[in-house]
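K.L.:
The structure is given below, and queries will be raised subsequently.
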Amino acid sequence: MPSTRSSPVYASSASPAYESYTPSSSSSSSENIIYSGTSSSYTPPRKAWVDPKSLANGGDASQIQGNVSSYVKQLILNTFMAYGAGDEHCFGHSVAKAVKFIDISAHESYEKQGRMEATTVAEVLVSKSMLNGAGMLHGGCVAFLIDNCCSTPLVALGLIQNINGVGVTQAMNIMFHSPAPAYVSMANSYCYSLTLITSGSCLRITSTSVAMGSRIMSARCEVCFLDQLIDD
């Protein structure tokens, strides 16, 4: 039966934080929802580099799974599209536009003595414009995807804890384990639902918050490509 194989690419990035959000009593848990805020209960920051609530709608977040509220999912998508994709004249616009988030979740981490940890999962179909001359996914494109996706769990954790989780990248370390080929067959993924005929590698990008200090935030990211293995 089909199974999945992954070739991970690891990276960690650190970004400077800005002034904290004003604590809000409305950011309480509700059933299995980690953050049940709405547009009416959300408290904007006193002063921050960017307020996710102020950004334009970045698309439909209703299909994103995970245990954070739909409102938080929408704010994260808005932030990613505003700063990751920008308009059609911005660098990497078409690459960022192709990224689809499939899960945004948060939980108390046992390894972190009960501190909150947020994780986002996204997928993107590799297109020809993402390849290098050898027909493999360009390392610069991987770095671009990591840079933007790795920020999303920090934004999520900021919203959950009612502090500022938005910043700019200060440093990034990437370890490449395996190249992503141009074409493979896929199953059990968002990418597979896009097309059955013209299929590039489906990349799954899993980003997790590591730490949120008063000045430095950090996150780790794993990128893998999914392909279908058929047992005879």
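K.L.:
Counting only residues 5 or more places away or on other chains, whose amide H sits under 5 Å from the amide H of Arg115 once H atoms are built in the peptide plane?
P.N.:
Close amide H contacts, sequence-distant or interchain: Ser109.
K.L.:
Also: With N denoting the number of residues in segment 58-125, provide Rg(C-alpha) divided by 2.2 N^0.38 Å, to two decimal places.
P.N.:
Normalised by 2.2 N^0.38 Å, the Cα Rg of segment 58-125 equals 1.25.
K.L.:
So what J values fall out for segment 87-103 if you push phi through Karplus, 6.51 cos²θ - 1.76 cosθ + 1.60 with θ = phi - 60°, rounded to Hz, Gly and Pro as x?
P.N.:
Those phi angles translate into 8, 5, 8, 7, 4, x, 4, 5, 5, 5, 5, 7, 6, 10, 7, 10, 7 Hz.
K.L.:
How big is the accessible area of Met175 in square angstrom, nearest 10, if you roll a 1.4 angstrom probe over the protein chains?
P.N.:
Counting only protein heavy atoms, the figure is 110 Å².
K.L.:
Could you tally the net charge around Lys97, taking each other residue with its Cβ under 11 Å from the Cβ of Lys97, Lys/Arg +1 and Asp/Glu -1?
P.N.:
Charge balance near Lys97 sits at -1.
K.L.:
Just the accessible area for Lys100, please: 1.4 Å probe, Å², rounded to the nearest 10?
P.N.:
Probe radius 1.4 Å; accessible area of Lys100 about 80 Å².
K.L.:
Can I ask one more? Using each residue's phi in segment 213-221, evaluate 6.51 cos²θ - 1.76 cosθ + 1.60 at θ = phi - 60° and report the 3J(HN,Hα) Karplus result to the nearest Hz, with x for Gly and Pro.
P.N.:
So the Karplus estimates, Gly and Pro as x, are x, 6, 10, 10, 10, 9, 8, 10, 9 Hz.
The values are calculated or read from the model by the stated rules, or taken from the named source; none is laboratory data. What you are looking at is a predicted structure, and each value in this text was computed from that prediction instead of being measured. Glycine gets a Cβ as well: all are built from the backbone with ideal geometry, and neighbour counts include every protein chain shown. With ligands, DNA and RNA removed, areas are computed over all heavy atoms of the protein, side chains included. Shrake-Rupley method; radii C 1.70, N 1.55, O 1.52, S 1.80 Å.
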